[in-house]
Amino acid sequence: MSSRNKKIILTVILLVTAVVLAYSFYHTPPPLEVDVNASEIAPNEVLDMKKIVVSSGVEALQRVKQSHTGSIEHVKDVAIVHYIKKDKFLTLWTTLYPNETIASRETEKMVTGMRKWGGSWASELKEVPIAKKKVYQTSSNNVSHYFWADREWVFYIIPHNFSQDEIAGIIDAIPGK
């Protein structure tokens with residue numbers, strides 16, 4: 001290999017490294033604000049099921065990012081909570097945003113993302129009024145998912161083995177505080 005080719009290869013490697021480092025620097029999200037704990041907004045009990053905090057803060061945000069294809073922005077705090085009783089299982093994500101406008105915008109961004117993603121996420125996506133809230137319902141693998149914005153919060157639940165009345169009661173109970 002000629003000296004000129006080695007210089008070109010070295011230059012390309014240095015440029016790629018610089019681009020990767022610059023991208024990492026400018027696209028690293030700021031740390032979460034920890035003045036609020038997103039798990040605290042979740043009710044301590046739902047339908048006689050006690051709250052179990054699975055993760056919160058940066059760990060929860062990383063889990064959420066792993067299950068999403070779109071960008072997740074402006075998050076102040078996030079928590080993942082479970083409620084379990086016999087054959088019933090509920091997963092709740094609570095996400096705090098800086099204000100109501102951003103929470104609403106991020107909810108609509110999720111709707112748009114699901115429509116772009118396609119499949120049952122899009123074909124079964126619908127807006128349903130539940131407990132006087134504007135709730136979106138969709139489905140994946142025959143399991144219903146529900147999400148909505150409430151003030152500066154976005155809530156997302158996946159209920160297993162609940163009746164429609166129980167799901168309405170759950171949605172009505174959130175936020176808990």
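Values in this text are rule-based calculations from the coordinates and carry no lab data. Note that the structure is a prediction, hence the values are computed from the model and not measured. Because the Cβ atoms are built from the backbone with ideal geometry, glycine has one as well, and the counts that use them run over all protein chains shown.
Phi angles across region 114-128 convert, under the Karplus curve 6.51 cos²θ - 1.76 cosθ + 1.60 with θ = phi - 60°, into 3J(HN,Hα) values of 5, 5, 5, 5, x, x, 5, 4, 8, 5, 9, 6, 8, 8, 10 Hz, Gly and Pro given as x.
For trypsin sites (Lys or Arg not before Pro), the sites in region 45-93 that DSSP calls loop and that have at most 13 other Cβ atoms within 10 Å are Lys86. 3J(HN,Hα) along region 158-169: 10, x, 10, 6, 10, 6, 4, 5, 5, 5, 4, x Hz, from the Karplus curve 6.51 cos²θ - 1.76 cosθ + 1.60 with θ = phi - 60°, whole Hz, x for Gly and Pro.
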